[in-house]
1. Label GLU6 and ARG154 with points 7 Å out from Cα along Cα→Cβ: what is the distance between them in nm?
2. Given 0.36 nm per residue, what is the gain on full extension from ASP48 to GLU95 after removing their alpha carbon distance, in nm?
3. For segment 107-178, which GluC sites (Glu not before Pro) are both in a DSSP coil and crowded by at most 11 other Cβ atoms within 10 Å?
4. Cα gyration tensor of segment 6-117, axes a ≥ b ≥ c as square roots of the eigenvalues: rounded (a/c below 1.5), prolate (a/b > b/c) or oblate?
5. Output the Cα-based Rg and Dmax of the chain in Å, rounding Rg to one decimal and Dmax to a whole number.
6. Say R0 is 45 Å: what FRET efficiency, to the nearest 0.05, do THR22 and ASN135 get from their beta-carbon distance?
7. Which aspartates and glutamates have a Cα lying under 19 Å from the Cα of LYS86, excluding residues fewer than 8 positions away in the same chain?
8. Mind counting lysine pairs for me in segment 123-189? Cα separation below 27 Å, and the two need to be 8 or more apart along the chain or on different chains.
Amino acid sequence: MIKMPEKITTEKVILERPNPITFKLAEEIYAAVDKSREILNEWLPWADATTSAEAEFSGFLYDYCDKKWNENSGFAYLIRDAETGKFLGVIDVIEIKESSKSAEIGYWLSVDAEGKGYMSAALKALENEAFKIFNRLQIRNDTQNLRSVNVAKRAGYKLDGVLRQERWLEKQQRYGDTNVWSKLKSETE
Ligand SMILES: CC(C)(COP(=O)(O)OP(=O)(O)OC[C@H]1O[C@@H](n2cnc3c(N)ncnc32)[C@H](O)[C@@H]1OP(=O)(O)O)[C@@H](O)C(=O)NCCC(=O)NCCS
């Protein structure tokens, strides 16, 4: 059975399972989503639909994070600044395929946490644990989402290919081309 640690600590960031789930935590995450809405909406369809701390509480924390952690079918971490404890964003392991030991990584940062290397640090921290379990990690992003593309490139992911016009981007009113990036365990050794 695939199981990730509930807390990963580094000098720069701490990744932790949202546990216990409290309304205060939901308010903290919702405040970050709300102030980052303009950027998140460009690429992540859930952002527009997240309109209250109540939705964050039941929809994201319970139905998404907790359910998946309990089923070992997905592992979503809150990213916090290791020094201040400030909530910075989320990184998660999804699309887990036990037979091929592969999974996908998704992520987002609060707008005021961008440009400081937090996501690169969070990805590195996650990989250190994930490659003890998985053979292949994948990142998908829109070819025009340059910040996300740079996260994958900076971390040494290789471009497997592009899924052409694979998604509808409502905000941009266009079909999006999706990059598929991957890193193999053997590439970390
Ligand atoms: C994608 C996203 C997480 C990238 O955030 P980011 O801050 O650009 O990425 P990082 O945290 O790795 O930071 C890299 C930036 O910090 C700078 N930086 C500072 N110190 C750094 C360090 N120690 N290590 C690496 N980068 C550092 C880099 O130069 C880079 O800045 P630049 O892009 O201005 O050159 C963020 O833009 C986001 O959440 N976007 C909206 C949601 C989204 O698109 N999610 C992905 C969907 S596929």
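Taken together, the values in this text are just the output of simple stated rules run on the coordinates, not laboratory data. This one's a predicted model, so the numbers in the text were calculated from it and none came from an experiment. With ideal geometry, Cβ positions are generated from the backbone for all residues, glycine too; neighbour counts draw on all protein chains shown.
1. A separation of 3.0 nm, rounded to one decimal place.
2. 14.7 nm
3. GLU170
4. In terms of gyration-tensor shape, rounded.
5. 15.9, 44
6. 0.80
7. GLU6, GLU11, GLU16, GLU27, GLU28, ASP34, GLU56, ASP112, GLU114
8. The result is 14.
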